[in-house]
Amino acid sequence: MSILLSLFLKLSAFSLIAFGGINALLPELFKLAVNQEQWIDVQTFSDYFAIAQASPGPNFMTVTLIGWHLYGVIGAFVATFAIAWPSSILIFYLQRLLLGIKDPIKKRAIQYAAAALAIGLVLSSAWEIALQINQGVAAYALTIFTTLFTFFTRWHPLYLIVLGAIIGSLGFI
């Protein structure tokens, strides 16, 4: 199977279960792109994820960058289209179904359940990615500190980005 066809089929399947966005599937995307298909290495995956998070726009840019890495502009287009088309169609029909529900309690219950599912998947994903990417005590300490800092304060995350940049430039991570 060609690389483009494989990329298209596998990312299309991912799209259907990307509840909460592509960040909810990062561990599986990591396993697919790095371990299973060996499209990229761990460092490249980390770099692409960092670029995607630092860039404005949709959070599935990691997938676009993987496609670009594999097959240039065509690969980027195929990867982006593959991750977007199935879930877009699914959401279109689910939204129509939700609009047809007249009972506000049932509608709210479905919306709260979907939100809880998305949050749980994103948190689980963050944990898995931290376990796979962190190397060394300093990286784990920074991850734990960042999590606690975010949970217990209302400070802007930009402070954490600056802290991470300083620690990285000093060579601790």
Exercise. Output the relative contact order of the chain, whole-number percent, from Cα pairs under 8 angstrom with separation of 6+ residues.
Key: 27 percent
Quiz item: To the nearest 10 Å², what's His69's accessible area with a 1.4 Å probe?
Solution: 90 Å²
Practice problem: Sort Lys106, Lys10 from largest to smallest accessible area, using a 1.4 Å probe on the heavy atoms of the protein chains. | Solution: Lys106, Lys10
Quiz item: Tell me which aspartates and glutamates have Cα within less than 15 Å of Lys10's Cα, excluding those fewer than 8 residues away on the same chain?
Solution: Glu28, Glu37
Exercise. Compute the accessible area per residue over the stretch 6-128, keeping the other protein chains in place, probe 1.4 Å, unit Å².
Key: 58 Å²
Self-check item: Ordering of 50-61, 89-100 by packing [mean C-beta count within 10 Å, highest first]
Solution: 50-61, 89-100
Quiz prompt | Net dipole in debye of the stretch 82-173 [+1 Lys, Arg Cβ; -1 Asp, Glu Cβ; about Cα centre; nearest 20] | solution = 500 debye
Quiz item: Once the whole set of protein chains is in place, how much accessible area is left on Ile144, using a 1.4 Å probe, in Å² to the nearest 10?
Solution: 100 Å²
Exercise. Once you've got the GNM for the chain with C-alpha springs shorter than 10 Å, pick whichever of Val137, Val63, Val122 has the biggest mean-square fluctuation.
Key: Val137
Self-check item: Answer label, with Rg and Dmax of the Cα atoms in Å calculated from the coordinates and candidates [x] 18.0, 64; [y] 22.1, 70; [z] 18.2, 58
Solution: [z]
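The values are calculated or read from the model by the stated rules, or taken from the named source; none is laboratory data. Here the structure is a predicted model, which is why all the values come from computation and not from measurement. For neighbour counting, all protein chains shown are included, and Cβ atoms are generated from backbone atoms with ideal geometry for every residue, glycine included. Surface areas here come from the heavy atoms of the whole protein model, side chains and all, with no ligands, DNA or RNA. Shrake-Rupley method; radii C 1.70, N 1.55, O 1.52, S 1.80 Å.
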